[in-house]
Amino acid sequence: MPRQALDASRLLRRKPISTLHAETGTETGGGELRRSLGVVRLTMIGVGSTVGTGIFFVLNEAVPKAGPAVVLSFIIAGITAALTALCYAELASAIPVSGASYTYAYATLGELIAYVVGACLILEYGVAASAVAVGWGEYLNRLLGDTVGWQIPEALSAPPGEGGVLNVPSAVLVMLCCFLLVRGAKESATINAITVFIKLGVLLLFVVVAMMAFNDANAQPFAPFGFAGVGTAASMVFFSYIGMDTVSTAGEEVRNPRRTLPLALFWSIVIVTTIYILVAVAGVGAQSWRAFEGQDAGLAAILSNLTGSGWAAVVLALGGVISIFGVTLTTIYGQTRVLFSMGRDGMLPESFHKVNPRSRTPVRNTVIVSAFVGLLAAVVPLSTLSNLTSMGTLVAFAVVSAGVLVLRRTRPDLERGFRVPGGPVIPVLSIAACLYLIYELPLETYLMFAVWIAVALVWYFTYSVKHSRLNDTAAAGPELADDGRASDAASPDRP
């Protein structure tokens, strides 16, 4: 490796914000990607990528840890997500580009930290998309069995290690998502919005039926394992909030991004947190908290017990099929946009940055990501990786909150469509909440995360540091100044 590649200043260099604006057409409304998304479609992307299979089954895992106080666990996780959403809203309105927390870190904390955040986002989106897609065959088989009396053989509907040889439904699901994403962001967002309304309807149906059977006695004792149990469950249910930041990956495909991005983030977190708390309250009120442990089929089992009918299993299976489709679609979308930004910066090969001139979407990038996600989903059982996904997401969230503090100090003059209220208080609380949930994760998650980051750093020091686009940018050095304005003044791309 060239000696200059080890220079610490190269690892800490920041990408000028004016360059980001010029590359993406923030000021002109242009850019490489088509701007076709408004508040409603973008909000549905946020809700669609967040409300996934987790909420359909997470109560079975979390209630035995916290008892009826699992409601507080959802509130803690929701507050963490909300605090971070406010920080995302400020950075997204100031730097409305693709790449989300990776790009924000590049502009505020430096190249190496941004690259590590990008590696965390690969865990959040790529691994999560594969893990979610794995379960599609199970839901599809349940729906087929309850409606037409036929199921796909287990050998072709489950991955190795879980009774199967090849998970064909998951691979087909990823191919369908790939086809839609290649067509364009607007078309994909429309289909996603439809899936969101259906799965929210299924969850609201559960809430209505369960509330009719609500019994105060089921919530006693409220916190049998104390606050320790609440904290442990909070780190588990946080997996159900992953995906909220997908909104910020669409920065270059949004109309009027400085207004649209903050509004979509706000409405996404409000809708998701409200529906989760309603489901949690209804669930623990409808049956004894002791009945959750070992209960199969999650919400479907509760509905079946309450109604004494098999229609509940059909409704929840349909909700699961549609939910997994929507989550897989939006998480693959988020992954491609993060890799698009990393390819543009030279952190990854140029193939991830190529845009089809007709559809103005990163087709090659989408095909590569879909092939990777589909292969993992087809042959690898990934259900054990939910905690690893949470770790990557929480690290990225904490970095975004830190980025707000840095940008407030280095660029107080920067135009922002939204400012986090309360000065530094909310970003600091967001960082603290993320660190608390990280602390609650099990030891094996730390070990797997360390291995992943080590592998990512090998790529950075052997490829990325030598191909970084900042190597040829004269303004890269002055960006390290505290106020950050010297580089913007020097940048030839200043709009």
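Here are some notes:
- Residues located in the stretch 203-219, provided they are more than 13 Å from Ala282 (Cβ to Cβ) and either aliphatic (A, V, I, L, M) or within 19 Å of the chain's Cα centre (by Cα) (or both): Ala217
- Filter pass, Ile191 being in contact (Cβ under 8 Å) with a residue 24 or more places away in the chain, surrounded by fewer than 22 Cβ atoms within 10 Å (Cβ to Cβ) and under 30 Å from Leu12 (Cβ atoms): no
- Some residue of the stretch 31-38 being at pLDDT 70 or above, assigned to a helix (DSSP H, G or I) and not charged (D, E, K, R): no
- Counted as qualifying within the stretch 217-312 are the helices (runs of 4 or more DSSP H) with 2 or more residues that are touching a Pro at 6+ places or on another chain (Cβ under 8 Å) and at pLDDT below 85, namely 257-286.
- Pick from the stretch 331-375, criterion under 15 Å from Ser98 (Cα atoms) and surrounded by fewer than 19 Cβ atoms within 10 Å (Cβ to Cβ), ranking: modelled with the lowest pLDDT: Arg360
- A Cβ distance below 7 Å, combined with a sequence gap of six or more or placement on separate chains, defines the contacts here; from the stretch 252-278, residues that are closer than 19 Å to Phe239 by Cα and free of Cβ contacts under 8 Å to residues at least 12 places away in the same chain reach no residue that is crowded, with 24+ Cβ neighbours inside 10 Å and among the charged types (D, E, K, R).
- In the stretch 94-110, the residues that are buried (at least 24 other Cβ atoms within 10 Å of the Cβ) and either more than 23 Å from Val355 (Cβ to Cβ) or in contact with a Cys (Cβ under 6 Å, 6 or more places away or on another chain) (or both): Ala94, Ala105, Thr108
- Where Ala371 falls short, out of the listed (1) in contact with a Ser or Thr (Cβ under 6 Å, 6 or more places away or on another chain); (2) aliphatic (A, V, I, L, M); (3) farther than 21 Å from Ile45 by Cβ; (4) assigned to a helix (DSSP H, G or I): (1)
- Test: residue in the stretch 413-435 that is assigned to a loop (DSSP other than H, G, I, E, B) and among the basic types (Lys, Arg): yes
- Taken together, Pro427, Pro442 contain a single residue that is surrounded by 22 or more Cβ atoms within 10 Å (Cβ to Cβ) and within 21 Å of Ala234 (Cα to Cα), which is Pro427.
- Being over 22 Å from the mean Cα position of the chain (by Cα) and of a type in the set (S, T, N, Q) is a property that holds for Ser464.
- Close pairs (8 angstrom Cβ cut-off, 6 or more residues apart or separate chains): within 12 Å of Val202 (Cα to Cα) in the stretch 297-320, assigned to a helix (DSSP H, G or I) and of a type in the set (Ser, Thr, Tyr) anywhere: Ala312/Ser304; Ala313/Ser304; Val314/Thr147; Ala317/Tyr139; Gly320/Thr53; Gly320/Tyr139
- Against the conditions (1) among the small types (Gly, Ala, Ser); (2) touching a Ser or Thr at 6+ places or on another chain (Cβ under 9 Å); (3) more than 14 Å from Ile269 (Cβ to Cβ), Ala69 satisfies every one except (2).
- For the stretch 282-293, the count of residues that are surrounded by fewer than 17 Cβ atoms within 10 Å (Cβ to Cβ), over 18 Å from Gly52 (Cβ atoms) and β-branched (Val, Ile, Thr) is zero.
- Test for Phe206: is it closer than 27 Å to Leu261 by Cα and not in a loop (DSSP other than H, G, I, E, B): no
- Condition met for Thr232 (crowded, with 24+ Cβ neighbours inside 10 Å and hydroxyl-bearing (Ser, Thr, Tyr)): no
- Residues in the stretch 155-172 that are more than 19 Å from Ile324 (Cα to Cα) and either part of a helix (DSSP H, G or I) or among the small types (Gly, Ala, Ser) (or both): 4 in all.
The values are calculated or read from the model by the stated rules, or taken from the named source; none is laboratory data. Since this is a predicted model, take the numbers as computed values, not measurements. Reconstructed Cβ throughout: ideal geometry from the backbone, glycine too, with neighbour counts over all protein chains shown.
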